[in-house]
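Nothing in this text is a laboratory measurement; each read-out follows from the coordinates by a stated rule. Bear in mind the structure is a predicted one, so any value in this text is a computation, not a measurement. For neighbour counting, all protein chains shown are included, and Cβ atoms are generated from backbone atoms with ideal geometry for every residue, glycine included.
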Amino acid sequence: MWLLIVHSFILFLLVLVYAFRFRKLEAHLEKNILVQIQEATKDWKSTPNLVLLASFVLFLLFPLTLGFSFFLRTDANVLVVIVWIIWAYNWSKYSFFRE
């Protein structure tokens, strides 16, 4: 349970840092967040893009952390992994390839 709390706190902190600190510095505020994630992969070494990509990775890993915090000692952890694979695949496909 503590891992879920730490994961949620770090995700929330990174989203707030990007939203209030780095998003004001970016010139393309009118762009969609998914377009910004696509552009962040091209120049990932800058700090705003690194924060954005780290928060996206934590967002992708959130169902895995949530499921394992509740179902680790049961047989449902296989379902958690299957749901997480579907979750990560669909978000990655939609975010990077715009299909």
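Hey, with R₀ at 25 Å, roughly what FRET efficiency would LEU50 and ALA88 work out to, going by the Cβ-Cβ distance, to 0.05?
On the way: r = 20 Å, r/R0 = 0.79.
The calculated FRET efficiency here is 0.80.
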Worksheet entry | Spin-label model distance (nm) - LEU13 vs ARG73, 7 Å beyond Cα toward Cβ | 2.9 nm
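On a full-extension model of 0.36 nm per residue, what is the gain between PHE62 and PHE97, subtracting their alpha-carbon distance, rounded to one decimal in nm? Before the final figure, lay out the partial values.
Values: separation 35, 0.36 × 35 = 12.60 nm, distance 2.14 nm.
Separation in residues times 0.36 nm, less the Cα-Cα distance, equals 10.5 nm.
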